[in-house]
Amino acid sequence: MGAGEFLTGHFKAFYSGHKASVPDAGKREFGVGEFGKKISRRHISFASDSELNSFLRERSPLFISYSIAYYDRPASSPMSSKGFLGADIVYEFDADDLKTECKQEHDSWSCPKCGSDGKGTVDSCPKCGSHVKKDEWYCPRCLEETKRQAFRLINFLENDFSLGSDISVNFSGNAGYHIHLRGDAVRSLNREARIELLDYLTAKDMDFSKLGFVESGKMFLCPFEAETSGWGRKLLASLIKLLSEGDAEKIAAFGGTTNRKAKDLVDNKELVLKTIREKGILFSIAGRKNKQFWEGVLGHLVNENALDVDRQTSADINKIIRVPETLHGGTGLLAKSISLGALKDFRPLKDSVVFSDERVKVFINKSPKFYLKGNGFGPFENEEAELPLYAAIYLVARRSADLVGV
């Protein structure tokens, strides 16, 4: 039995007792994939969720995705013939986009050209400069950081745009989270409006003066908390927090001044904070122009607050994305829908495991220690092991292991 057949059989068993649902399924384009290929065929449509679930039970694709767009004729090809009706917005947050320290433990790379290899992640071979092959894995720590990024976006959408009721979340089944925005207000947004929203979330071309941080004569002014909102409120709160913490070295680095001069500011922080809150004035720094210093500090605070969102995929109205409550063909994990209230306590490498503890023998090419269902496995290299079905499926789907005696 080949790996694809092995996975398909278990996926079919799962779908026999599980249902997926897509809002306005009859207006969506779907795409399916096979072992090793996320999309092998698209321009598929289903009249309803019932028809979609019948397809999952009968065909059990290893990957299935649907369009964020709504179409009058979703199965038509080319794209221009579908009859575009509007689109959701989906933001993706994946652990492989984050520079977490745990990558040094579970990720590795190899250079096909010169044969060099190493742990961690690099963009090109440090020896010959060639493109490298990456072997990326995900652990509870990097997925927790990914969740933190997702929460930051949710806070933006809820607090700055009052879109809380339009948000739904699902684990991708692999490396992170998909944040879906639906509803009439979102569906009608054109590409320019979507880019404008992205610019806001990523703080592109931030103009401090428009937020109330402005030079006036010899003074540098800031907004009053009660009179600002959005980015102005975020930066003011971050600035007050920075000064309250009193880390002179950090303030000096942010503002491009000496530790001694920053310490003078910290030593008077109570007066500095009172002046900010009551007069909307930021104290001068000796030997440094107010505008340069405070805009330097604000620039760093923007970087700490801005979201690292993939601009190209977030603005693409023709993209297709994993159907929630379906299996990911590269891991065997469920792309699980999560309520906002349950997201904080959601454990992706435990709560999205759907297969049993039945024992399966596999030959493992190579894997770092990995975690599923609260259990740790490995590390392994060129060895046979008997694992629970869910761990065997995970490795086989990743192409890190082969079946033994099947």
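The values are calculated or read from the model by the stated rules, or taken from the named source; none is laboratory data. A quick note: this is a predicted structure, and the numbers were derived from the prediction, not measured. Positions of Cβ are backbone-derived with ideal geometry, glycine not excepted, and every protein chain shown enters the neighbour counts. These area figures cover heavy atoms from the full protein model, side chains too; ligands, DNA and RNA do not enter into them. Shrake-Rupley method; radii C 1.70, N 1.55, O 1.52, S 1.80 Å.
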Checklist line | Number of the exception - residue 59 against (1) under 25 Å from residue 168 (Cβ atoms); (2) surrounded by fewer than 16 Cβ atoms within 10 Å (Cβ to Cβ); (3) modelled with pLDDT of 95 or more | finding: (1)
Check: Does segment 65-75 contain at least one residue that is open to solvent by 10 Å² or more (accessible area, probe 1.4 Å), farther than 17 Å from residue 25 by Cα and either in contact with a helix residue (DSSP H, G or I) (Cβ under 8 Å, 6 or more places away or on another chain) or aliphatic (A, V, I, L, M) (or both)?
Finding: no
Notebook entry, point to check: Counting only residues that are in a helix (DSSP H, G or I) and touching a residue at least 40 places away in the same chain (Cβ under 8 Å), which one in segment 324-350 is most open to solvent (accessible area, probe 1.4 Å)?
Noted result: 340
Note to self: Suppose we filter segment 212-230 for residues that are within 14 Å of residue 291 (Cβ to Cβ), assigned to a loop (DSSP other than H, G, I, E, B) and open to solvent by 40 Å² or more (accessible area, probe 1.4 Å); how many remain?
What the structure shows: 2
Next item on the list: Kindly indicate whether residue 241 is under 26 Å from residue 202 (Cβ atoms), at pLDDT 95 or above and open to solvent by 80 Å² or more (accessible area, probe 1.4 Å).
Entry: yes
Check: Looking at segment 31-51, which of the residues that are among the hydrophobic types (A, V, I, L, M, F, W, C) and within 24 Å of residue 91 (Cα to Cα) is modelled with the lowest pLDDT?
Finding: 39
Checklist line | Failed criterion for residue 120 (all others in (1) open to solvent by 10 Å² or more (accessible area, probe 1.4 Å); (2) farther than 20 Å from residue 310 by Cα hold) | finding: (1)
Next item on the list: From the list 6, 14, 35, pick out the single residue that is in contact (Cβ under 8 Å) with a residue 40 or more places away in the chain, over 15 Å from residue 330 (Cβ atoms) and hydrophobic (A, V, I, L, M, F, W, C).
Entry: 14
Next item on the list: Hey, can you tell me all the residues within segment 3-17 that are over 26 Å from the mean Cα position of the chain (by Cα) and open to solvent by less than 50 Å² (accessible area, probe 1.4 Å)?
Entry: 3, 4, 6, 7, 8, 9, 10, 14, 15
Next item on the list: Could you check, for segment 105-112, whether at least one of its residues is touching a helix residue (DSSP H, G or I) at 6+ places or on another chain (Cβ under 6 Å) and open to solvent by less than 10 Å² (accessible area, probe 1.4 Å)?
Entry: no
Item checked: Within segment 174-211, considering residues that are in contact (Cβ under 8 Å) with a residue 24 or more places away in the chain and assigned to a loop (DSSP other than H, G, I, E, B), the one nearest to residue 331 (Cα to Cα) -> 174
Item checked: Selected residue (criterion: least open to solvent (accessible area, probe 1.4 Å)) from residues of segment 282-315 that are among the charged types (D, E, K, R) and assigned to a helix (DSSP H, G or I) -> 295
Notebook entry, point to check: Any chance segment 132-139 includes a residue that's of a type in the set (A, V, I, L, M, F, W, C), closer than 22 Å to residue 375 by Cβ and either touching a strand residue (DSSP E or B) at 6+ places or on another chain (Cβ under 9 Å) or surrounded by fewer than 20 Cβ atoms within 10 Å (Cβ to Cβ) (or both)?
Noted result: yes
Margin query: Of the residues 68, 64, 89, 44, only one is of a type in the set (A, V, I, L, M), closer than 24 Å to residue 179 by Cα and without any contact (Cβ under 8 Å) to a residue 60 or more places away in the chain; which?
Written below: 44
Notebook entry, point to check: How many residues are in contact with a strand residue (DSSP E or B) (Cβ under 7 Å, 6 or more places away or on another chain), part of a loop (DSSP other than H, G, I, E, B) and farther than 12 Å from residue 49 by Cβ if we restrict to segment 1-28?
Noted result: 1
Next item on the list: Output the number of residues of segment 351-384 satisfying the condition of being hydrophobic (A, V, I, L, M, F, W, C) and open to solvent by 70 Å² or more (accessible area, probe 1.4 Å).
Entry: 1
